[in-house]
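To start, the structure itself, in structure tokens.
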Amino acid sequence: MLAIFKKGLVNPPQELNSPASPQASISPKNPEEILKGFLSDACNGFSIGFGDKALLAYAPPQPSFKEHQRLFCGVNDMYCIFWGSLNNLCTLNKQYGLSKGGNEAMFVIEAYRTLRDRGPYPAHQVLKDLEGSFGFVIYDHKAETLFTALGADDALKLFWGIAADGSVMISDNVDLIKSSCRKSFAPFPPGCMYHSERGLMSFEHPMNKLKAMPRIDSEGAMCGANFMVDAYSKVNSMPRVGSEANWATWGQQA
């Protein structure tokens, strides 16, 4: 999978940007080249663009390889790429009033919409209720927001980076990220979630801040930072005010 968000739409942590990227030996590919390469290598892959704001590209897993399930779903201008599986999907569908036949991508969109519109639970609590190995990227086209998360079991890998043109790229293919972001990329931290209005936080340890850890590659160059939970630094809970601030429950305890 591949997701690209134009500069300004998504503002990732500044530590993801490496000062060594301009001096890297490889010439960066622009997002259009990356997308073209992704689709040429993918079997039955496709992409969907959102003007000059964002694009999502998806390719189903090949049956001849032991790959994790990948799903794509779009509902009411909300689009989700999901990979992995949820062991308690039936229970979650029942809890959210969804049909028994709904898949993980459908559920994640419904959970996101519930958080966005009503916010009955803190976002971290919703994600902690998901049992299994999972990762997902949601783009809400109407709100022009990104919501992405990666399961805490570290069974799946996700990478994000900043391309030469300032775009933010997310993919489970590290080679795609490297070819456009050069040194300005890092693994997405497991057990964490990112929302384009609320930033990066741990849903496993929501009351602890994340700290950027310097990362040096085999060439001795500074790369985009890893992010880890800081056991000694706490976040301040934010008061919830009005329907427009449902995402203010981002870091609150239930």
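Tabulated data
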item	result
Longest segment of the chain lacking trypsin sites (Lys or Arg not before Pro) that sit in a DSSP loop with at most 15 other Cβ atoms within 10 Å	158-239
List 175, 153, 77, 140, ordered by accessible area with a 1.4 Å probe, largest first	175, 153, 77, 140
Net +/- balance of residues flanking residue 232 in space, Cβ distance below 13 Å, scoring K and R +1, D and E -1	+2
Spin-label pair residue 46/residue 207, simplified geometry with 7 Å Cα→Cβ offset, distance in nm	4.6 nm
Approximate spin-label separation residue 216-residue 142, in nm, with each point projected 7 Å along Cα-to-Cβ	5.0 nm
Axial C-alpha extent at least 18 Å, average Kyte-Doolittle at least -0.5 - helices from the chain (DSSP)	104-117
Unsatisfied cross-links (Cα-Cα over 19 Å) in the set 94/157; 36/157; 36/178; 29/178; 142/178	94/157; 36/157; 142/178
Positive dipole terminus of the chain, leading residue within 79, 10, 105 (C-beta point charges)	10
Cα-based reach from residue 128 at 18 Å (exclusive), listing aspartates and glutamates while leaving out same-chain residues under 8 positions away	104, 110, 153, 154, 204
Unit charges on C-beta of K, R, D, E only; dipole of region 24-140, Debye	240 debye
Euclidean distance between Cα centres, region 170-224 to region 101-153, Å	19 Å
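The values are calculated or read from the model by the stated rules, or taken from the named source; none is laboratory data. Treat the numbers as computed from the prediction; the structure is a model and nothing was measured. All Cβ positions, even for glycine, are placed from backbone atoms using ideal geometry, and neighbour counts span all protein chains on display. All accessible areas refer to the heavy atoms of the entire protein, side chains included, with ligands and DNA or RNA removed. Shrake-Rupley method; radii C 1.70, N 1.55, O 1.52, S 1.80 Å.
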